[in-house]
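Report on one structure; see the data block that follows.
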Amino acid sequence: MGYREKEERMLLIREIFFCKPGQVRPMVEKFKAINAMSERLGMGKSRIMTDLSAERYWTVVSEWEVKSLGEFERVMSDPDVNKEFGQIMKDYHTFVESGRREIYTIEA
């Protein structure tokens, strides 16, 4: 058995949103509300970051660590969680031009 099989490695999920000018603060507030929900569900607290220098101006990044994609999907597919998440993120497209999700294995 190799060392990788013995380790329990976490994943980092990073949500990157490129906001419209002047719309960073409303997205940060939405992610703060998601943080409160995530903590209540035992998923931990995400880190919310805004750009000082990034690929594009008006960037908001939210990232958190999870044990597995299965765990993440299980929590997010719960109808009650999905409903609350939808209410928090309602109309977020009015603040955002584009975005992406990145998922990394935390090696060390």
MET1, sole failed condition from (1) modelled with pLDDT under 90; (2) of a type in the set (A, V, I, L, M); (3) touching a helix residue (DSSP H, G or I) at 6+ places or on another chain (Cβ under 9 Å): (3)
Could you give every pair whose Cβ atoms fall below 6 Å, whose first residue belongs to segment 22-39 and is more than 14 Å from PHE95 (Cβ to Cβ), and whose second residue is of a type in the set (S, T, N, Q) and buried (at least 19 other Cβ atoms within 10 Å of the Cβ), counting only separations of at least 6 or pairs across chains? ASN35/SER46
Listed residues LYS6, LYS45, LYS83; which is in contact with a helix residue (DSSP H, G or I) (Cβ under 8 Å, 6 or more places away or on another chain) and at pLDDT below 95? LYS45
All positions within segment 52-108 that are in contact (Cβ under 8 Å) with a residue 60 or more places away in the chain and β-branched (Val, Ile, Thr): THR94, VAL96, ILE103, THR105, ILE106
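The values are calculated or read from the model by the stated rules, or taken from the named source; none is laboratory data. All values reported here derive from a predicted model rather than from experimental measurement. Backbone-built Cβ (ideal geometry, glycine too); neighbour counts: all protein chains shown.
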